[in-house]
Amino acid sequence: MRIEQAAPVLLVSDMERTVAWFGDALGWECQLHGEPANFGIASRDGARIMFALCGTPQAIVPNWRIVDSIWNVYIRVDDVDAAYAEILERGTAIDYTLCDQPWGMREFGVQDPDGHDIAFGQPLAAPTP
């Protein structure tokens, strides 16, 4: 047995708004399921983030509201500077700007319309001897 991928599931208050945000803000494709749609999957380059409609929007609590500076989703990319440039070009609001972290990652973050933090990161290059 080999694990191929883990996919977080975010609770959302508006399916159409979420689909539009993933497409416009991040450049991901979305599939909706249910009639009316109550579940969706955003995907890009083999990565997936799932989202489910929450009938009680006030029950949606992003992780950072419980634990300071903690994400709901952390996505490793092969070129975080290019990801940052693309997201800026799309006009997406940045939650925290591109920076090098003490845990060895270069990263930045955005927030979806329901306030979930989504970070993009790349391991810092090891220093050359």
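Say whether the condition of being surrounded by 13 or more Cβ atoms within 10 Å (Cβ to Cβ) and in contact (Cβ under 8 Å) with a residue 40 or more places away in the chain is met by at least one residue in segment 27-40. Yes: segment 27-40 contains one or more residues that are surrounded by 13 or more Cβ atoms within 10 Å (Cβ to Cβ) and in contact (Cβ under 8 Å) with a residue 40 or more places away in the chain.
The C-beta contact set for segment 77-103 (first residue small (G, A, S), second residue part of a loop (DSSP other than H, G, I, E, B), distance under 8 angstrom, 6+ apart or interchain) comprises A83/V77.
Looking at segment 43-60, which of its residues are without any contact (Cβ under 8 Å) to a residue 24 or more places away in the chain and surrounded by 13 or more Cβ atoms within 10 Å (Cβ to Cβ)? Break it down into steps so the answer makes sense when it comes.
Initially, segment 43-60 is screened for residues without any contact (Cβ under 8 Å) to a residue 24 or more places away in the chain, giving 43-45, 55-56, 58.
Listed by number, the residues that qualify are S43, R44.
Determine which member of the set V110, V77, V61, V73 is more than 18 Å from T18 (Cα to Cα) and β-branched (V, I, T).
On the way: V110 fails: more than 18 Å from T18 (Cα to Cα); V61 fails: more than 18 Å from T18 (Cα to Cα); V73 fails: more than 18 Å from T18 (Cα to Cα).
Sole residue among the options that is more than 18 Å from T18 (Cα to Cα) and β-branched (V, I, T): V77.
Of all residues in segment 88-126, those satisfying the criterion of being aliphatic (A, V, I, L, M) and more than 30 Å from T56 (Cα to Cα) are L88, L98, M105, L124, A125, A126. When D68 is tested against (1) under 16 Å from A119 (Cβ atoms); (2) of a type outside the set (F, W, Y); (3) modelled with pLDDT of 95 or more, exactly one condition is not met: (3).
When segment 79-129 is limited to residues that are surrounded by fewer than 12 Cβ atoms within 10 Å (Cβ to Cβ) and closer than 22 Å to V12 by Cα, the one that is nearest to the chain's Cα centre (by Cα) turns out to be A93. Being closer than 22 Å to M15 by Cβ and under 12 Å from the mean Cα position of the chain (by Cα) is a property that does not hold for L53.
The values are calculated or read from the model by the stated rules, or taken from the named source; none is laboratory data. All of these numbers come straight from a predicted model, not from anything done at the bench. Backbone-built Cβ (ideal geometry, glycine too); neighbour counts: all protein chains shown.
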